[in-house]
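Here is the structure we will look at, set down as structure tokens.
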Amino acid sequence: MSWSSTVFLAILVICLSAEFSNAITPGSCMQNPTVYSPNATNCADERDTGACRAIFSASTATTRDPKCIDPNLEDFALECANTCGLCCETAAYSCGDDPVSPINCTANVRYCRDASWTTVMQQYCPGTCGLCTSASAACRDVNTGCLNLRQLCNDINFNTFMRANCARTCYFCSTTSVTTTASTATCSDVATNCAANIGLCNNSAYLTLMTQKCPRTCGRCSSVSSVSATCVNSNANCASWVTNGFCSNTFYTTAQKRQYCARSCNLC
């Protein structure tokens, strides 16, 4: 056999092995060699539980039905992830956590299903919490160096880049809508280079961005003078965020604190 034929055969074997390799292993969702992790059963079976139990025996904290790791039954096992103790191998856990998360996701796993922490855990710990298939989990940092680029979050010239690559770090994951005017009492520029970009104020492509980031420079502050009517929290989780140090945490800028929890952080 020639050298080229040998190489071709080796590549073919590797490709075939990869094609038929089993993604599920005896160590899947194991916390240590003898105990399964909490994420092993932290989901529901996609198939009817009765149907799953007809094929597989229910997993315990230390045992799993051998059929659950049978390559021929892999698709069924994933559809019966709770019964088989394979929740962490499903799509809901596939995305991982935010690489620059300020939260220790593993240590705070108890908050994954806490309604007051939903926004925070979906944003920073979707992999740990099994929230990868939620809409907010799509908002992630693509660049692992985002933390070092935070000074660009409010730079008009880098807005598109930062939204595409560092959405979580820049706190762009909120779906709060942007209004066309802001109260005079609380109206201030968020971006650091509004004056230099004043020419974009009335550019239709930048209208929303400039209104959000440079309302004072662009003359979009309303004449409303009542602070109490406009000084509000735009996020329902502010109470729990404040308790956990959001207002004093230097990880977030004053502009971000004012944008989401102005009343709670006394930034009106």
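Read-outs: derived from the displayed coordinates by stated rules, not from any lab. Since the model is a prediction, treat every value here as computed from it, not as a measurement. Using ideal geometry, Cβ is built from the backbone for each residue, glycine included, and neighbour counts are taken over all protein chains shown.
Key figures
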{"read-out": "Distant-in-sequence amide H partners of Cys166 (H built 1.01 Å from N, under 5 Å)", "value": "Val142"}
{"read-out": "Residues in the stretch 141-165 that a label on Thr250 would reach, taking backbone N under 20 Å of a point 7 Å out along Cα→Cβ", "value": "146-154"}
{"read-out": "Residue-span extension gain [Asp114 to Thr160] - 0.36 nm each, minus C-alpha spacing", "value": "13.3 nm"}
{"read-out": "Placed amide H near Cys221: partners under 5 Å, 5+ positions off or other chain", "value": "Ala182"}
{"read-out": "Potential lengthening between Gln151 and Asp48 on full extension [0.36 nm per residue; Cα-Cα distance subtracted]", "value": "32.1 nm"}
{"read-out": "J(HN,Hα) series, the stretch 147-164, from Karplus relation 6.51 cos²θ - 1.76 cosθ + 1.60, nearest Hz, glycine and proline x", "value": "4, 7, 10, 4, 5, 8, 4, 10, 8, 3, 5, 10, 4, 4, 5, 5, 5, 7"}
{"read-out": "Under 5 Å, built H, 5+ apart or other chain: amide partners of Met30", "value": "Ser37"}
{"read-out": "Nitroxide proxy distance, nm - points 7 Å out along Cα→Cβ at Leu267 and Lys67", "value": "5.6"}
